[in-house]
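Trainee: Have a look at this one before I ask anything.
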Amino acid sequence: ERGRLAMLFSLYASSESQGDLSMMPKTIQPATQATPFTTAVNFHRRFKFQPRRKPNPPRKWPMKVGDKVVVIAGSDKGKESEITKVYRKTGYVMCKEVNMKTKHQRGQEEGETGSIIQIEHPIHHSNLKVTERSVYQKPVKTEETA
């Protein structure tokens, strides 16, 4: 038995030194890499349905509906306005006559011409500064006697 092992070992060693790999055990070949086009397509597909605005709301909201604010950054810098709606999840705020966008509206009925209208869009809370706080009063319960 020792003779056999010595013979096999000598065959294996001699074949390795000559570069012949026929005596080597067979291994599983790794899968071929994907083509670069497939990789690029999958890479862009990954971001297709991501939200455009990352939610970054403040922990404690510095403003609420009815507060008077001044825009401190952006195209409407210096404008004074009032908050009409607060989007707490995203950190955006809707103000009167601030961040106006043009919307091309199609005619609703047959033969009606379309129109171009100006609509307000939300603005990030970090671009606003509160100048005057609204006075919020809790509703008072009234007891009615029958």
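Trainee: If you take the beta carbon distance between ARG45 and GLU143 as r and set R0 to 35 Å, what does 1/(1 + (r/R0)^6) give as a FRET efficiency, to the nearest 0.05?
Mentor: Taking R0 as 35 Å, the efficiency between ARG45 and GLU143 is 0.05.
Trainee: Still on this structure: I want to check the label-to-label distance for ARG106 and LYS129. Put each point 7 Å from Cα in the C-beta direction and report it in nm to one decimal.
Mentor: 4.5
Trainee: Now, a different point. Could you rank the peptides 112-121, 93-102 by their average count of other C-beta atoms within 10 Å per residue, with the highest value first?
Mentor: Going from most to least packed, we get 93-102, 112-121.
Trainee: Give me a comma-separated list of calculated 3J(HN,Hα) values for region 90-100, in order, Karplus coefficients 6.51, -1.76, 1.60 applied at θ = phi - 60°, integers in Hz, x for any Gly or Pro.
Mentor: Using θ = phi - 60°, the values come out as 9, x, 9, 9, 9, 10, 6, 6, 10, 6, 7 Hz.
Trainee: Can you list residues from other chains, or at least 5 along the same chain, whose modelled amide H is less than 5 Å from the amide H of SER134?
Mentor: ASP67, LYS68
Trainee: With 10 Å bins from zero, work out the P(r) of region 75-134 over every alpha carbon pair and list the percent per bin.
Mentor: 20, 41, 22, 14, 3
Trainee: Then there is this: If each of LYS64 and LYS96 carries a label point 7 Å out from its Cα toward its Cβ, how far apart are those two points in nm?
Mentor: Going from the LYS64 label point to the LYS96 one covers 2.0 nm.
FYI, it's all coordinate maths here, none of it is from the lab. Here the structure is a predicted model, which means the values were calculated and not measured. FYI the Cβ positions are ideal-geometry reconstructions off the backbone, even for glycines, and counts take in every protein chain you see.
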